[in-house]
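Single-structure report; data block below.
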Amino acid sequence: MNVLVTAGPTREAIDPVRFVSNRSSGKMGYAIAAAARRAGHTVCLISGPVALPAPRGVEVVRVTTAAEMLAAVQRRVRSCDLLVMAAAVADWRPKQPARRKLKKQDGPPRITWEPTPDILQTVAQRKTARQIFCGFAAETHDLAREAQRKLRAKNLDAIAANDVARADRGFEADHNALTIFFADGCVRQVGWTTKARAARVLLRELAAYADRKKSENIFEK
Ligand code: CTP
């Protein structure tokens with residue numbers, strides 16, 4: 001199988017030395033890429049700026065901004081069987097980053113923001129029946145409701161929701177706990193565990209979903 005994984009944050013420039021970003025460390029996405037490779041798949045990992053080594057045997061494409069990540073995903077998505085978007089893409093970017101460093105003496109800058117492209121929503125519009133797309137939902141509250149909203153709005157097969165308000169899981173931590181919502185209504189819990197194990201379980205659950213989807217397609221024909 002061809003597996004495409006995204007990981008880490010994106011950075012959106014304010015001026016040549018400043019950016020907006022988020023606390024994503026990339027650990028969850030890198031763990032998914034490593035687990036998929038160990039399971040025998042061909043894996044491409046599109047990574048925002050993180051301090052992690054490339055997983056062995058995985059092609060790594062490094063990007064900085066949401067626009068670059070979108071372009072990198074678009075170049076590879078058609079040939080993938082499974083896409084897992086674990087990246088924490090910045091939702092907003094300064095409309096016109098300053099060309100020169102903003103000076104303190106000029107006071108707090110007034111920044112006009114614009115939305116970044118929603119990568120998953122954009123590529124999921126052209127998802128084929130054989131492809132499986134899985135998103136991640138980073139939530140601090142209303143986890144189930146928000147994750148299910150994103151699952152439908154972005155036309156996904158699955159979304160793995162994690163709580164990013166707690167220090168022992170989610171952003172930056174070595175551990176995570178996931179609730180995986182599937183398009184066929186199934187819900188699977190992955191209790192608090194290492195990101196390496198959470199990645200393995202997620203891939204196993206996605207494979208089980210792919211089997212369910214295939215058998216449904218047979219009945220529909
Ligand atoms: N995502 C994306 N492009 C964006 C924002 C998010 O592809 N511009 C993807 C993420 O990689 C993730 C999923 O969409 O797989 C959900 O991301 P999340 O940040 O949880 O949700 P948002 O859609 O940004 O919504 P909100 O900020 O309101 O929670």
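Here are a few things to note about the model shown:
- Solvent-accessible area per residue for the chain (1.4 angstrom probe, square angstrom): 55
- Between D168 and N155, the contour length at 0.36 nm per residue exceeds the alpha carbon distance by 1.7 nm.
- Candidates K104, K154, K195, ranked by Gaussian network fluctuation over the chain, Cα under 10 Å, top entry: K104
- Trypsin sites (Lys or Arg not before Pro) restricted to the range 1-65 and DSSP loop, no more than 14 other C-beta within 10 Å: R23, R56
- FRET efficiency estimate (nearest 0.05) - Cβ-Cβ, Q105 to R197, R0 41 angstrom: 0.20
- Where only DSSP H runs of four or more residues are counted, the chain gives -9500 deg cm²/dmol as its mean residue ellipticity at 222 nm, each run worth -39500 (n - 2.57).
- Calculated on alpha-carbon atoms, Rg and Dmax of the range 1-148 in Å: 16.7, 57
- Zone of R18's modelled label, taken as backbone nitrogen in the range 72-101 under 15 Å from a point 7 Å along Cα→Cβ: 93-101
- Residue of V50, V187, V17 that the Gaussian network model of the chain assigns the largest fluctuation, springs spanning Cα pairs under 10 Å: V17
- Think of the chain as a dipole: +1 on every Lys or Arg Cβ, -1 on every Asp or Glu Cβ, centred on the Cα centre; then among S24, P108, A87, P108 lies furthest on the positive end.
- Computed from label points 7 Å out along Cα-Cβ, the spacing between R62 and D184 is 4.1 nm.
The values are calculated or read from the model by the stated rules, or taken from the named source; none is laboratory data. Bear in mind the structure is a predicted one, so any value in this text is a computation, not a measurement. In this analysis, Cβ positions are derived from the backbone assuming ideal geometry, glycine residues included, and neighbour counts consider all displayed protein chains. To get the accessible areas, we keep the full protein, side chains included, count just its heavy atoms, and leave off ligands, DNA and RNA. Shrake-Rupley method; radii C 1.70, N 1.55, O 1.52, S 1.80 Å.
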